[in-house]
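Read the figures in this text as sums done on the coordinates, not as results from a lab. Predicted model, so just to flag it, every value in this text is computed and none were measured. Note that each Cβ is placed from the backbone with ideal geometry, even for glycine, and that neighbours are counted across all protein chains shown.
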Amino acid sequence: MPNLKDLKNRIASVKSTRKITKAMQMVAAAKLRRAQDAAEASRPYTERFNSVLGGLAASVGGSDSAPKLLSGTGADQVHMLVVMTAERGLCGGFNSTIVKLARAKAQELIAQGKTVKILTVGKKGREQLKREMGDLMVSHVDLSEVKNIGYANAQDVARDLLNRYDAGEFDVATIFFNRFQSVISQIPTAQQIIPAKFDEPAADAATTLYDYEPDEEAILADLLPRGVATQIFAALLENAASEQGARMSAMDNATRNAGEMIDKLTIEYNRSRQAVITNELIEIISGAEAL
């Protein structure tokens, strides 16, 4: 049983931890608003951009002149998995859920006889994946010095991917990230970005005919690389909002747990103190009766 000094030191330690977790919760709450606004503001543009590209891709179809980013390499053997996680921890299961989804996909592809390569964005994803799949990792993007995610960061990742694709290093690229839904809910998402893959329009959706100048193939050749960067940028923004939401929730739970632990330790401290006082009184009374 710990003595009074040990209990007092432990109570002081937990109180210090509670102050830290409370401060981190407030910081995450402040950052969450900006990150959430940025993620939600990017969605209409991304959806509309993909809709335009989808319309162009449908008009081109499977023609021989279709850009390589749309038609693909004609093979499905080498897969590049772009795992996008946070640079820091203390955000609950945010990083683990992304890594878990990517790991399951990699194991599925390997079981099918495919070749898997992994590119990580964010230190936490690299740390978790290198334990089991370090031999599959080909590159890492460090964003630890970036305070606010910008389109330039997405362009750097997209440029690296496109250069590798043009060099024939892979056939299919898929990004893994968390889509922000609410403070307590983030959805692990896998999205294929190379070759471009678009949702089919609804059967009752209104269609508009356009005349393009230059032709659709030339426009797609210019827009598809931008589309890759746009999807990566949207994923980075979703990740940033999800990270702050997960950290806010995790730090709130940690603060509450610290408070409960302080209450339990305080009760234990008071009981131990009372027992010490009682023993001292018994010793005094026993000594007096002995005289």
Would you mind calculating the gained length between ALA275 and PHE49 on full extension (0.36 nm times residue separation, minus the Cα-Cα distance), in nm to one decimal?
74.2 nm
Given contacts defined as C-alpha pairs under 8 Å and at least six residues apart, what's the relative contact order of the chain, whole-number percent?
32
Taking placed amide H atoms and a strict 5 Å upper bound, the residues 5 or more places from THR85 or on another chain that come that close are VAL121, GLY122, GLY125
For the chain, convex hull of alpha carbons as volume per residue, Å³
178
Give me LYS100, LYS123 ranked fewest to most by other Cβ atoms within 10 Å of their Cβ, as a rough exposure proxy.
LYS100, LYS123
HN-Hα couplings for region 70-83 via Karplus (6.51, -1.76, 1.60; θ = phi - 60°), in whole Hz with x for Gly/Pro, come out as 9, 7, x, 8, x, 10, 9, 9, 10, 10, 9, 9, 9, 9
Residue by residue through region 249-265, which ³J(HN,Hα) values in whole Hz follow from phi under the Karplus form 6.51 cos²θ - 1.76 cosθ + 1.60 (θ = phi - 60°), with glycine and proline marked x?
5, 5, 5, 5, 5, 5, 5, 5, 4, 5, x, 5, 5, 4, 4, 5, 5
Work out from phi, with θ = phi - 60° and the Karplus expression 6.51 cos²θ - 1.76 cosθ + 1.60, the ³J(HN,Hα) of each residue of region 268-273, listed in order in whole Hz, and give x for Gly and Pro.
5, 4, 5, 5, 5, 5
Angle check, please: helix 94-111 long axis (alpha carbons) against the longest principal axis of the chain (alpha carbons), in degrees 0 to 90, nearest 10.
50
Neighbour-count order for PHE49, PHE180, PHE170, fewest beta carbons within 10 angstrom listed first
PHE49, PHE170, PHE180
Looking only at Cα atoms, what is the convex hull volume of region 89-142 per residue, in Å³?
67
Sort TYR45, TYR165 so the one with the fewest other Cβ atoms within 10 Å of its own Cβ comes first.
TYR45, TYR165
Label point distance in nm, ASP263-ALA290, each placed 7 Å from Cα along Cα→Cβ
4.3
Spatially proximal lysines relative to LYS68 (Cα-Cα < 25 Å; intrachain offsets below 8 disregarded):
LYS105, LYS114, LYS117, LYS197
